[in-house]
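To start, the structure itself, in structure tokens.
No value in this document is a laboratory result; all are computed from the given coordinates. Because the structure is predicted, anything quoted here is derived from the model rather than measured. Here the Cβ positions follow ideal geometry from the backbone for every residue, glycine too, while neighbour counts run over all protein chains shown.
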Amino acid sequence: MPDDAMFQEAKGAIAQGQNERARDLLTRLLRADQTNAEYWLWMSAVVDTAKERTYCLQNTLRLDPDNRAAKRGLILAGAIPADDVTPVPPLCRKWEVIEEKAPAPEVRSPRAFQMMLFLSLAVLVIGLTVVGLLGTDFGKRGLFEPRLTITPRPWTPRPTATLPPTSTPAGRTATPTFVGPKPLWMQLDATYTPTPLYVNTPHPVSEAYRAGLREFQRGNYPSMLLMMEQVVNLEPQAADAYYYIGEAQLLMGRIEEALTAYEKAIDANPIFAPAYLGRALARLALRPKEDVKADLDKAITLDPAFVEAYLHRAAFLLKQGKGEAALEDLAAVEALSPESPLLYLYRAQYFLSQDRNAEALVSAQRAHQLDFTLLPAYSLLAQVYLRKEQPQEAIGPAQTYTLYTPRDANGWLVLGQALYESGDNYQEAVKSLDKALTLDENLIQAYRYRGLSYVELGKGKAAVNDLYQVIQVEKDSFVVNLAFARALWLDNRLEDAISLFNTSENLAEDDKQLAEVYYWRAQAYETSGNTNAAVQDWQALLVLLPDLPASVRFEAWATTAEEHLQSFTPTTTTTPLSSPTKGTLTPTPTVTSLTPTRTATPSTPTRTATSSTPTRTTTPASPTPTP
């Protein structure tokens, strides 16, 4: 249908950042059909003002009352109450925590509501003619940076130790995964679940404390610091005031000042658990490899129900490779806060490290479902799908992750790998891997997949330069050696290419890998003019293929082998070959001479299959890269 094509074009324009084009297309679609909830939802991603977004989301919810993305967007905009989100009340702790109640929402009259709706419509009509570009600040956060759960401001993440990248989830039940557009809930810095104050001790001596908390909740940290300084001047033993000073300094990137504030909080009250967690995070921000387990242990000892401390300790233990100990902390989190997205994120990371891929996928998807804005879950899902050999499934979440976290080299590596392994996106894979290496020139796996992509694109010189870097590290890899041999052949370095093809034959672990060697080496022999050796490899391939699983690729290889053999005019008859033996060359048939009717040229009809790396070493000195 024409409308469907236009809608797909609009979504594609949003994915490419062409918001003006997307808005024009969506406006036309809405003129034709104002009852389509999806049109309104995607329009909310490209309108200019908060009022316009609210209006679009209200229309989405009116047409689709179960649309969770629209509902959460309206909750965040303050347009509807958070009926389906009930914060867990804070526990009564040793320092007498009292939760501060929010003021009751304003009740508008029906006439006022009508006026607001009229104004929203007017703003929408005007705004649809203006280019709107929604920004994001996601790229500044570390890959495994948990959401803040103990500060008054619900949507501000606290700095934390960055863990190694893990997999990434893709779809969510009943709502689409937004790879291109930027709906309201994707603009948040953290989870949409409101977080109660961890500590809000009454300070009757100073109104500055309550005013400081209000500024903290608004994100106005400089003003908040002025207020809290007044509090500590009047109450030098106010541990919670020092603690919030540390929180603000940490969020502002002033790590040394934050560390000093947490130390003062501990001095003022040695049993104040949050200060130990804050000090641990500040120390990790200064020195990512520092051992802060003692502070994390202390926070949990002082407050056995401190969920965020368990989560940070689990993350710290996972980084150290102590997965079983991390699982114990995650079990404690499950008992205290079973709906925590980070619980499932870290559990998925552990499962992935143990090659328990099915369990990793379930946990990663659960983390994603609990919090759409949890970007590490996208990266984690992509890696799980790659581990399960489902590269097409990995592309979507990997694209979402890099869209909002463009400064993460590992994110671009995961996307590049997914594009390469999908089999027909080699040029796009190269672009992603270029970005990865721009951010981290030492990322060896980025050279690996870019080199493999260059081979499939027929760019021999570029492939040689990349794979030379990789083979220094992966000398025993069949995949790397075979790809390097093909790259040298494409670069017309035939002697080096044939030498590495022979090495690949010795590294082959099964008949499938042997078939790959025969297929590519036969063509290299033809290019070099060694027709007898070429015939030997083509015949060995034909003997081997019937014993391999049927596939379109192997059928094509059989056809190619027969065509190449028919292109030679033998002057004597040849002796049929027996089945080849792994690791040895097939006996040469009795051939006096062969007259080729054509010369093979480097080509890339089929990509090299991925296989595991063997353990034995027979690699000669690697050819040097070409400048």
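If you keep only loop residues by DSSP, which trypsin sites (Lys or Arg not before Pro) in segment 260-292 have at most 15 other Cβ atoms within 10 Å of their Cβ?
K289
Explain nothing, just the number: dipole magnitude of segment 453-501 about its Cα centre with +1 on each Lys and Arg Cβ and -1 on each Asp and Glu Cβ, in debye rounded to the nearest 20.
My answer is approximately 100 debye.
Report, in listed order, any pair from K71/K388; K298/K319; K289/K388; K319/K459; K319/K435 with a Cα-Cα distance greater than 29 Å.
From K71/K388; K298/K319; K289/K388; K319/K459; K319/K435, over 29 Å: K71/K388; K289/K388; K319/K459.
Sorting check: for 42-55, 383-396, which peptide has the highest mean count of neighbouring beta carbons within 10 Å, and how do the rest follow?
42-55, 383-396
What is the packing order of peptides 34-40, 210-216, taking the mean over residues of other C-beta atoms within 10 Å and listing the highest first?
210-216, 34-40
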